[in-house]
1. Among the residues of region B:77-99, what is the count of those that are closer than 23 Å to residue A:34 by Cα and in contact (Cβ under 8 Å) with a residue 60 or more places away in the chain?
2. Restricting region B:71-104 to residues that are modelled with pLDDT under 95 and farther than 19 Å from residue A:57 by Cβ, which is farthest from the other protein chains (Cβ to nearest Cβ)?
3. Does residue A:70 satisfy the condition of being over 30 Å from residue B:24 (Cα atoms) and buried (at least 22 other Cβ atoms within 10 Å of the Cβ)?
4. Within region B:128-151, identify whether any single residue is under 14 Å from the mean Cα position of the chain (by Cα) and modelled with pLDDT of 95 or more, and answer yes or no.
5. Going by the conditions given, is residue A:90 part of a helix (DSSP H, G or I), at pLDDT below 90, more than 7 Å from every other protein chain (Cβ to nearest Cβ) and farther than 27 Å from residue B:195 by Cβ?
6. Mind checking whether some residue in region A:9-17 is more than 7 Å from chain B (Cβ to nearest Cβ), outside any loop (DSSP other than H, G, I, E, B) and without any contact (Cβ under 8 Å) to a residue 12 or more places away in the chain?
7. Pairs only if they're at least six apart or on different chains, beta carbon under 8 angstrom, first in region A:40-67 and at the interface with chain B (Cβ under 7 Å from one of its Cβ atoms), second at pLDDT 90 or above and in a loop (DSSP other than H, G, I, E, B); list them, first residue then second.
8. Can you find even one residue in region A:77-87 that is more than 21 Å from residue B:72 (Cα to Cα), assigned to a helix (DSSP H, G or I) and at the interface with another protein chain (Cβ under 7 Å from one of its Cβ atoms)?
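The values are calculated or read from the model by the stated rules, or taken from the named source; none is laboratory data. These numbers were taken from a predicted model, which means no experiment stands behind them. Glycine gets a Cβ as well: all are built from the backbone with ideal geometry, and neighbour counts include every protein chain shown.
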């Protein structure tokens, strides 16, 4: 599992060494690989009829998690916002 | 928005091909997607290492606002934990793995498919696309209810690219650097947190 993260760090190192060269193809390659991988994910889903059948349930679960997570991060941001502003007030 | 539509189309196209069995399933065993994932992460690494200027610019940031990515991560993960209590079919780590996508739907769904299978991968894809769309649609309300930092937190890993325009419109131009810094840190945390929650 951690091989993938190791490869990312190798990329960071090599990218840093090559920082004076322009590498215009990186972003294009990233985009194409993402397309390929999402296509493969779709294929994987298409092969399994039971996943297709449960798509409505999966969708509801996905939406519930998304609403919860945006709500949770908004609360945390609200806490930091009040904290930052309070400190500013004290300094003034 | 256009980028997400293209990505969803590729996913839909894959589903279509798979359903009709146009591509025999033996052609694409797990190996192909694993190598593609390695190639993707290598390129993501290259693009980070290649651009040290981005990291340099963060020095001008208000140190207190550097806490924002941590707030986003803690807020999201605790919400995912609570949500798992109301979703009977999902375990706590599964919900937290989906939540740790932080809107980075391409990478998180690919990782989760690799580790946990296509079903949870699909939940991750839909959930993280929904997170991006909710941020794009609700940013003005978030600013009103929870302050200027809320749309940045809600945008998660997308605040350095897709949701940056709406953030500068609703929270103000002042928050561009915070937003980019936040996107950068949260983005970077995605592979670690997703791998972590998939392995427990």
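1. So the answer is 3.
2. Filtering region B:71-104 for residues that are modelled with pLDDT under 95 and farther than 19 Å from residue A:57 by Cβ, the one farthest from the other protein chains (Cβ to nearest Cβ) comes out as B:104.
3. Numbers: over 30 Å from residue B:24 (Cα atoms): yes; buried (at least 22 other Cβ atoms within 10 Å of the Cβ): yes.
It is true that residue A:70 is over 30 Å from residue B:24 (Cα atoms) and buried (at least 22 other Cβ atoms within 10 Å of the Cβ).
4. Checked region B:128-151: no residue is under 14 Å from the mean Cα position of the chain (by Cα) and modelled with pLDDT of 95 or more.
5. Details: part of a helix (DSSP H, G or I): yes; at pLDDT below 90: yes; more than 7 Å from every other protein chain (Cβ to nearest Cβ): yes; farther than 27 Å from residue B:195 by Cβ: yes.
Yes: the conditions hold for residue A:90.
6. Residues of region A:9-17 that are more than 7 Å from chain B (Cβ to nearest Cβ), as a first pass: A:17.
Imposing the further condition that a residue be outside any loop (DSSP other than H, G, I, E, B) reduces the set to A:17.
Keeping just the survivors that are without any contact (Cβ under 8 Å) to a residue 12 or more places away in the chain gives A:17.
Yes, there is a match, as at least one residue in region A:9-17 is more than 7 Å from chain B (Cβ to nearest Cβ), outside any loop (DSSP other than H, G, I, E, B) and without any contact (Cβ under 8 Å) to a residue 12 or more places away in the chain.
7. Correct list of pairs: A:61/B:87; A:61/B:90; A:64/B:87; A:65/B:87.
8. At the first step, the residues of region A:77-87 found to be more than 21 Å from residue B:72 (Cα to Cα) are none.
Checking region A:77-87: not a single residue is more than 21 Å from residue B:72 (Cα to Cα), assigned to a helix (DSSP H, G or I) and at the interface with another protein chain (Cβ under 7 Å from one of its Cβ atoms).
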